1. For a label point 7 Å from the Cα of residue 164 along Cα→C-beta, name the residues of the range 137-152 whose backbone N is under 17 Å from it.
2. Just in the range 119-185: which GluC sites (Glu not before Pro) are loop by DSSP and have at most 14 other Cβ atoms within 10 Å?
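Where a number appears in this text, it was derived from the coordinates with a stated rule and is not lab data. Computed from a predicted structure; not experimentally measured. FYI the Cβ positions are ideal-geometry reconstructions off the backbone, even for glycines, and counts take in every protein chain you see.
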Amino acid sequence: MQDKDVTVLLDRLSEGDESAPERLLTLVYDDLRRLARAYFADEKAEHTLQPTALVHEAYIRLVNWENVSWQNRAHFFAVAADVMRKILIDHARRKNAAKRSGGQKILLDEAVSFSTEKELDLLNLEDALTALEKLDARQAKIVELRFFGGLSIEETAYVLKISETTVKREWTFAKAWFQRELTRT
C-alpha cells in the first residue's frame with residue numbers, strides 16, 4: 001500500500017499540492033535514511049557530512065523541482081539516488097580541493113559486491129562510473145540505481161523498462177568491470 005501512497009503523493013506534488021511534500025517525506029524518510037546510512041556505514045564519526053544532512057539536502061532538491069512528472073516510487077528513488085550521488089561527489093570535491101588529501105573514502109555495500117575488502121575513494125568511484133557511462137550508458141545507470149539508489153533488480157528493470165534478465169546480466173558485467181577499474185587506482 002505504501003508504494004501506491006507514494007505514487008499518489010508524487011502526483012499531488014507534481015500538481016502543486018502544498019501539503020504533499022510534508023506527507024511524502026513521512027512516507028519516504030526511512031528509506032532515504034537507509035540509503036544515506038549505507039553510504040556512511042564505514043565512515044569516521046567526525047565525517048563533516050552526516051546521513052541526515054544528506055537526506056534533507058536531497059529531499060529539498062527533489063521536491064523543489066518544477067514540472068516533474070513523477071511516475072512512481074521507483075522513479076522517485078532512482079532520481080533520489082542520482083541527487084544523493086551528486087551531493088556526495090560535490091561534497092567530496094569541495095573537501096578534496098580544500099585539503100588536497102585524495103578524497104573521501106567509502107566502502108561499497110556488500111550487497112553490491114564490487115569489493116567488500118577494499119576501501120574505495122568516492123571520487124575514483126565517480127570517475128569509474130563516468131568512464132562506464134561513455135562505454136555503456138545503460139550499465140552505468142544500472143550501477144547508479146542499484147548502488148546509489150538501493151533499487152532491487154526488479155525495480156531497476158521497471159525504471160529502465162528492460163527485463164530483469166537483462167538487468168542481472170548487465171549488473172554482473174558492470175560489477176566485473178568496476179572491480180577491474182577500481183583495482184587499477
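1. 146, 151-152
2. Working: sites: 119, 126, 133, 144, 154, 155, 164, 170, 181; in loops: 119.
Filter output for the range 119-185: 119.
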